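The values are calculated or read from the model by the stated rules, or taken from the named source; none is laboratory data. Values in this document were obtained by computation on a predicted structure and should not be read as measured data. Cβ atoms come from the backbone with ideal geometry, glycine included; neighbour counts cover every protein chain shown. To get the accessible areas, we keep the full protein, side chains included, count just its heavy atoms, and leave off ligands, DNA and RNA. Shrake-Rupley method; radii C 1.70, N 1.55, O 1.52, S 1.80 Å.
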Amino acid sequence: MHGLVFTLLKRYVQTQYDHSTWVRLLEAANLTAADFDHKQVYPDEHMYALVGQAAQMTGLSADELHEKFGEYLVPDLMYMYKRLVQPEWKTLDMIEHTENTMHRQVRSEHTENAPPVLEVSRISPTELFIDYKSERRMGALAVGIVRGLATYFEEADQIIVEPTTSENGEQVRIRVRQVPAQS
Ligand code: HEM
């Protein structure tokens, strides 16, 4: 997994909890204290170990943690890849174009980068389905990223995100709808 994702997991734990929690987490996951380099790829097992240990420590489920972490990731992901984002895009457009912009770019940066395949069916201007496919089984992270995008585009009160399958399979279907803002 991309070093950026590890760097952001570290920052997430340090800001939502504290630095000593991060150190305990590394120890519990049998990893040595390290900084992660954005240009490097680290074993997926390290991510599973860290998130699994964090779930035990916080009492949240791994799915809940992945969702929260996904939400947290968005501003930094957007910042790092903002040159690929068209100014008129909002939440649904961003999701529709992730595969052929952001994730395509990520794949081209390093042969070992492997963001999930997102098949997006835009069935109307206000509704789409995401078919997530990845052996990493991180559909809950995708759900969190969608929520984070809605917040980023100031549409959190209008975007409804509903996984229609289990969130932790290799194939996850997510329905995303835009409804009128609640007043
Ligand atoms: C702002 C746009 C986005 C950027 C810049 C971005 C970038 C990335 C990067 C760098 C990774 C790590 C890939 C690797 O280590 O091989 C990744 C993984 C991932 N991305 Fe995206 N992404 C974006 C949008 C999305 C969206 C909209 C979704 C889902 C709706 C999504 C779902 C995921 C998931 C679930 C992973 C974890 C790896 C996996 O499940 O296989 N991303 N993304």
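If I fit a long axis through the Cα atoms of helix 44-58 and take the longest principal axis of the Cα atoms of the chain, what angle between them do I get, 0 to 90°, rounded to 10? Approximately 90 degrees, to the nearest 10.
With a cut-off of 12 Å between beta carbons, the residues surrounding Ser61 carry a summed charge of -3, where Lys and Arg count +1 and Asp and Glu -1. Here region 3-59 is described by how far its Cα atoms reach on the three principal axes: 31, 21, 17 Å, from widest to narrowest.
Around Tyr42, with a cut-off of 15 angstrom between Cβ atoms, what is the net charge of the other residues, counting Lys and Arg +1 and Asp and Glu -1? Net charge around Tyr42: -3. Bridging of Lys90 to lysines at a Cα separation below 26 Å is possible for Lys68, Lys82, Lys133, once same-chain residues fewer than 8 apart are set aside. Take the Cα of Val179, step 7 Å toward its Cβ, do the same at Thr32, and the gap between the two points is 5.2 nm. Treating the angle as unsigned and between 0 and 90°, give the value, to the nearest 10°, between the Cα long axis of helix 62-80 and the longest Cα principal axis of the chain. Its long axis makes an angle of about 70 degrees. Convex hull volume of the C-alpha atoms in region 84-134, normalised per residue: 64 Å³.
Helix 139-152 and the long axis of the chain differ in direction by around 60°, with both axes built from C-alpha atoms.
Below 15 angstrom from the Cβ of Ile174, what's the summed charge of the other residues (Lys, Arg +1; Asp, Glu -1)?
Local net charge: -4.
Modelled spin-label separation between Asn100 and Thr21, with each label point placed 7 Å from Cα along the Cα-to-Cβ direction: 4.1 nm. Using a cut-off of under 20 Å, list every residue of region 106-124 whose amide N is near the label point 7 Å from the Cα of Lys39 along the Cα-to-beta-carbon line. Residues 106-114 qualify, since their backbone N sits under 20 Å from the label point.
When the scattering of region 68-178 is computed by the Debye formula from its Cα atoms alone, each counted once and equally, what is log10 I(q)/I(0) at q = 0.20 Å⁻¹? Per q value, in the given order, log10 I(q)/I(0) is -1.12. Computed from point charges on the beta carbon alone (+1 for Lys and Arg, -1 for Asp and Glu), the dipole magnitude for the chain about its Cα centre is near 180 Debye. Of the residues Glu135, Glu109, the one with the largest accessible area comes first in the ranking Glu135, Glu109, computed with a 1.4 Å probe on protein heavy atoms.
When the GluC sites (Glu not before Pro) in region 1-106 are filtered for DSSP coil states and for at most 10 other beta-carbon atoms within 10 Å of their beta-carbon, the remaining sites are Glu88. Averaged per residue, what accessible surface does region 3-59 expose to a 1.4 Å probe, in Å²? On a per-residue basis, 55 Å². The modelled label-to-label distance between Asp131 and Asn113, using points 7 Å beyond Cα along the C-beta direction, is 2.5 nm.
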